[in-house]
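The values are calculated or read from the model by the stated rules, or taken from the named source; none is laboratory data. What you are looking at is a predicted structure, and each value in this text was computed from that prediction instead of being measured. A quick note on method: Cβ atoms are made from the backbone with ideal geometry, for glycine too, and the neighbour counts reach across all protein chains shown.
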Amino acid sequence: MLTSTTQYNKLSITMTSKPMQTSKDIQKPNQNPAQKSDTPMLTINRLIEAQVAFMRQWLYSQAQPLSMQAWQWFGEQPLSKYISSDDLQHLINEWFLKQPVSEVVRSDIRDILHTIIYHPVNDNVPLSELVDDSQVELLASYVGSHEEQRNILVHTLVGNETFADLLTQTLYHAINDFMESTLDKAGPAGKLMKFGRSSFEKATNRNLDEKLQTYLHRNIKDLAHKAEANAQAHLSNEEVARLLVTGWGRIKDKPISEIQTYLRDEPDDSSIEHIENSIQQSYNRLRLSPYLHSLVAASVDTWYTNHHTDSIANIAAILNIDEQAMTQLSTALLPVVTDTIESSWVTAHITDMLQAFYAQPSIKAGLVFGTD
């Protein structure tokens, strides 16, 4: 009973003691059973049990509205209140770049790529579903309008020394194989021609093979330069654009599965594994390089400068996460929340919290409890 005096300002909750009957109690023999003096009152442990049960039931019934109210409050907070640019950089560097991609993730990536590339639906879907005609026309116009870059590309493909050397060696081997095969089949005449070749090399102190290669290389270099000049002269901006559009028109109706013809899919020779491994090697070199860290820092600073005054809700809206999406997410996660509330783990922690609360000296000083 809570009294108004300072001396007895204590709440007395007991099971074992009985209050002294007064004349008023004697005059009311038909009082409510719940008000009888011998009715057991709450102990500290039973009080905690009742509070735990009430809190669990209350949280269970209020889980969804509480989650939405929490999101609404959190969404109103500015980004800069909780996250700085340095925090974002640290997160990317330490969590994303510092750690290599695990083998499990790499295996999942390869399996997903294999599923996508070799899915049966690719047999019935044309390449034009991936790329629109207008995109090809825009790309063709862009490539066609950059004459300087196009000339560099033509020179790289046609007019460079490597191309001339490769063509020289190819023609030399073809001519040499033809001559050897012809002389072997010519009988005595072939032997005479071989003898004449040997005499020629001794008289001129020149190897016929070397002279043939020199002749081919000199002339092929001239041919390559002429081919380069001819290509640059005839490949106008309009012609380049037309060639690209025409080339696209020839393949756009082919199924996406046509890509499979350029890939190998053997257990010991998989193109997907080779591609993924190559990308992984490049990523491992880049992720620890000062170059990539500099780009990450500059990119994060740019993004943070643009959005540091935005609220969390505005940032979420940029990612198409609005209140409706949060409601759907809250509904989807509700079974997880309710299972958590009903778990023994939550019950134990609430019990520990309440026991610690009632164990405080300031609380004990104001309460008098009976024992079980």
Checklist entry - Hey, among the residues in segment 259-274 that are in a helix (DSSP H, G or I) and without any contact (Cβ under 8 Å) to a residue 60 or more places away in the chain, which one's surrounded by the most Cβ atoms within 10 Å (Cβ to Cβ)? => result Ser271
Next on the checklist: For the structure I just gave you, tell me whether Ile117 is surrounded by 13 or more Cβ atoms within 10 Å (Cβ to Cβ) and closer than 13 Å to Glu276 by Cβ.
Outcome noted: yes
Item to check | Residues (touching a helix residue (DSSP H, G or I) at 6+ places or on another chain (Cβ under 6 Å) and not hydroxyl-bearing (Ser, Thr, Tyr)) located in segment 347-371 | outcome: Ile350, Leu354, Phe369
Checklist entry - What number of residues in segment 145-200 are at pLDDT below 75 and not in a helix (DSSP H, G or I)? => result 3
Checklist outcome for this item: Of Asp339, Asp310, Asp322, the only residue that is on the phi < 0 side of the Ramachandran plot and surrounded by fewer than 12 Cβ atoms within 10 Å (Cβ to Cβ) is Asp339
Checklist entry - Looking at (1) modelled with pLDDT under 95; (2) β-branched (Val, Ile, Thr); (3) closer than 30 Å to Gly247 by Cβ, which is the only condition Ile116 fails? => result (1)
Checklist entry - Which one of the conditions (1) modelled with pLDDT under 95; (2) surrounded by fewer than 14 Cβ atoms within 10 Å (Cβ to Cβ); (3) closer than 26 Å to Tyr358 by Cα does Arg56 fail to meet, given that it meets all the rest? => result (2)
Checklist outcome for this item: Note on segment 75-95: residues assigned to a helix (DSSP H, G or I) and either in contact (Cβ under 8 Å) with a residue 60 or more places away in the chain or among the small types (Gly, Ala, Ser) (or both) are Gly75, Leu79, Ser80, Ser85, Leu88, Gln89, Ile92, Asn93
Item to check | segment 97-119, residues that are in contact (Cβ under 8 Å) with a residue 60 or more places away in the chain and either assigned to a loop (DSSP other than H, G, I, E, B) or of a type outside the set (A, V, I, L, M) (or both) | outcome: Lys98, Pro100, Val101, Arg106, Arg110, His114, Tyr118
Item to check | Residues located in segment 95-126, provided they are among the aliphatic types (A, V, I, L, M) and under 25 Å from the mean Cα position of the chain (by Cα) | outcome: Leu97, Val101, Val104, Val105, Ile109, Ile112, Leu113, Ile116, Ile117, Val121
Checklist entry - If you check Ser134 against the conditions, is it surrounded by fewer than 14 Cβ atoms within 10 Å (Cβ to Cβ), among the small types (Gly, Ala, Ser) and within 23 Å of the chain's Cα centre (by Cα)? => result no
